[in-house]
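The block underneath contains the structure these notes are about, expressed in structure tokens.
The values are calculated or read from the model by the stated rules, or taken from the named source; none is laboratory data. Note that the structure is predicted; figures quoted are calculated from it, not measured. Here the Cβ positions follow ideal geometry from the backbone for every residue, glycine too, while neighbour counts run over all protein chains shown. Side chains included, ligands, DNA and RNA excluded: accessible areas come from the protein's heavy atoms. Shrake-Rupley method; radii C 1.70, N 1.55, O 1.52, S 1.80 Å.
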Amino acid sequence: MEIKIDNKLFYRNLIRIALPITLQSLMLSLVAAADALMLGRVAQEQMTAVSLATQIQFVQNMFIFSATSAGAILGAQYWGKGDKRALENIFNLMLWFCGIVSILFFAACEMCPDILMRIFAGDEGLVLIGSKYLRVAGWSYLITGISQCYLTIMKVTEHVKTGAFISSTAVVLNIILNSIFIFGLLGAPRMEAEGAALATTISRIVELFLCIVLSTGHKYIRPAFSRFIAVPGILIKDFARQCLPLMGGSLCWGIGFTSYTAIMGHMGVDAAAANSIAAVVRDIICCMCNGIGSAAGIIVGNELGAGNLELGKKYGIKLKNISYVIGFISTALVLAVTPAVVAGVLLTDQARQYLIGMMVIMSIYMIGRCVNTVTINGVLDGGGDTLFDMYSLIVCMWMIAIPLALAGAFVFHWSPLAVYACTCLDEVGKIPWVMHRFRKYKWVKDLTR
């Protein structure tokens with residue numbers, strides 16, 4: 001007998017899970033927006049330097065993302081199966097991995113921030129401002145990995161509202177402290193870029209505190225410290241089987257995106273400034289597809305882990321179709337906000353022209369970004385098909401988009417807008433390949449033991 005989807009139940013679950021995650025993603029993106037807007041009111045160089053400096057945390061987040069995503073994939077299926085002990089062990093594994101990564105990035109920011117900045121900028125003024133930012137912000141990098149483990153477990157165990165509350169509280173605090181420390185309000189010293197870093201660090205401390213305190217409730221999953229170094233070997237193998245391809249894909253995507261920023265950063269201050277603003281807008285509008293994508297992984301993973309393979313398959317097909325709708329809505333949003341964005345920041349005339357062109361190019365890019373986020377990072381990953389993302393990134397990003405952007409910038413000396421268009425090719429170009437992989441249905445499988 002053919003299984004039919006209860007649309008009312010499906011959309012209720014989708015909204016229940018996706019809405020808090022979207023809010024959480026939006027609030028995090030607003031921190032970058034607040035940094036850009038506030039520092040943009042101080043000086044273009046301050047805004048650009050901080051935007052480039054935060055690429056270090058962007059790379060760190062790729063490592064953390066691989067571990068928390070592996071935990072979310074296995075966690076969603078084990079939650080669907082009802083195995084809480086396995087979830088505690090998964091929590092332990094995430095903490096091990098993310099803790100080590102956080103310590104390494106913290107040490108790099110404190111010991112050699114100038115070397116890190118020179119990867120992204122050739123201007124000595126930008127390097128100096130960014131180095132000061134990293135020395136302060138590095139302390140927040142030490143904390144981020146731990147809090148993300150807590151938030152991931154909350155997300156897959158039906159406590160998404162708690163996670164959204166924690167992230168939202170930290171973000172609101174961050175924005176308030178930004179205004180105080182950047183501009184020197186309420187008697188605080190005027191710290192500019194270093195003030196943005198201090199605000200981020202304090203808000204991350206508060207975020208971790210809230211994670212620990214609120215997860216003490218009896219319905220929450222917590223780390224099993226009595227088994228912290230005694231996780232079952234079979235679960236470690238399952239975790240590694242999901243984490244390693246995700247790490248490969250995350251690094252391909254993260255370093256690739258960082259390369260895009262570095263390329264634009266070496267095309268002049270105006271191009272770097274326009275790219276910084278465009279990136280903030282992109283991240284804010286992508287919050288919708290990020291929320292749907294995360295919800296897709298949880299919804300599909302829950303059904304597959306519970307043994308309902310046919311229903312999980314039908315859910316995946318429906319979510320893939322929804323991704324196209326989200327993509328066209330995002331395109332319209334980019335075009336709609338372009339006039340307000342261009343008028344809202346202090347830029348040179350040349351940087352303003354670059355920004356207008358980048359926003360138009362980005363509007364097309366958003367279709368591919370939304371479809372691929374929901375389909376690959378949501379549906380395919382929900383069923384454990386994590387290798388495909390890495391393959392597609394190696395081909396579309398590293399073999400096509402990045403070489404074209406490098407050649408355009410440093411060999412053929414194309415305009416910054418032409419180079420920016422090259423950096424947007426990968427998401428749109430791989431849609432047919434993604435749909436072909438989706439229809440093979442290799443992702444329709446139960447990963448639990």
Checklist line | Positions within the stretch 369-397 being of a type in the set (S, T, N, Q), at pLDDT 90 or above and open to solvent by 10 Å² or more (accessible area, probe 1.4 Å), in sequence order | finding: THR373
Margin query: The conditions are (1) open to solvent by 20 Å² or more (accessible area, probe 1.4 Å); (2) over 20 Å from TRP253 (Cα atoms); (3) of a type in the set (Ser, Thr, Tyr), and TYR78 fails exactly one of them. Which is it?
Written below: (1)
Item checked: Failed item in (1) part of a helix (DSSP H, G or I); (2) open to solvent by 20 Å² or more (accessible area, probe 1.4 Å), with CYS243 passing the rest -> (2)
Check: So LEU39 fits all but one of (1) open to solvent by 10 Å² or more (accessible area, probe 1.4 Å); (2) modelled with pLDDT under 90; (3) over 26 Å from GLY163 (Cβ atoms); what number is the exception?
Finding: (1)
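Out of MET358, MET362, MET366, which single residue is touching a Phe, Trp or Tyr at 6+ places or on another chain (Cβ under 6 Å) and at pLDDT 90 or above? Can you show your working first?
Details: MET362 fails: touching a Phe, Trp or Tyr at 6+ places or on another chain (Cβ under 6 Å); MET366 fails: touching a Phe, Trp or Tyr at 6+ places or on another chain (Cβ under 6 Å).
Only one candidate qualifies: MET358.
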Check: Going through the stretch 144-187 one residue at a time, which ones are open to solvent by 30 Å² or more (accessible area, probe 1.4 Å), farther than 23 Å from ALA49 by Cβ, touching a residue at least 60 places away in the same chain (Cβ under 8 Å) and in a helix (DSSP H, G or I)?
Finding: ILE146, GLN148, LYS155, LYS161, VAL172
Margin query: Pull out all pairs, ordered by first then second residue, where Cβ-Cβ is under 8 Å, the residues are six or more apart or on different chains, the first lies in the stretch 229-255 and is in contact (Cβ under 8 Å) with a residue 12 or more places away in the chain, and the second is of a type in the set (S, T, N, Q) and open to solvent by 50 Å² or more (accessible area, probe 1.4 Å).
Written below: GLY254/ASN61
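So is TYR78 modelled with pLDDT of 80 or more and either small (Gly, Ala, Ser) or closer than 23 Å to LEU246 by Cβ (or both) or not?
Values: modelled with pLDDT of 80 or more: yes; either small (Gly, Ala, Ser) or closer than 23 Å to LEU246 by Cβ (or both): yes.
Here the answer is yes, as TYR78 does meet what is asked.
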Margin query: If I ask for residues that are assigned to a helix (DSSP H, G or I), at pLDDT below 85 and farther than 14 Å from MET94 by Cβ, which ones from the stretch 228-240 would you list?
Written below: GLY233
Check: For the stretch 188-219, how many residues are aliphatic (A, V, I, L, M), crowded, with 17+ Cβ neighbours inside 10 Å and either assigned to a loop (DSSP other than H, G, I, E, B) or touching a Lys or Arg at 6+ places or on another chain (Cβ under 7 Å) (or both)?
Finding: 2
Note to self: Looking at the stretch 296-313 only, could you name the residues that are of a type in the set (Gly, Ala, Ser) and surrounded by fewer than 24 Cβ atoms within 10 Å (Cβ to Cβ)?
What the structure shows: ALA306, GLY307
Note to self: Just to check your reading of the model, which residue among HIS436, HIS413 is at positive phi, surrounded by fewer than 24 Cβ atoms within 10 Å (Cβ to Cβ) and of a type outside the set (Gly, Ala, Ser)?
What the structure shows: HIS413
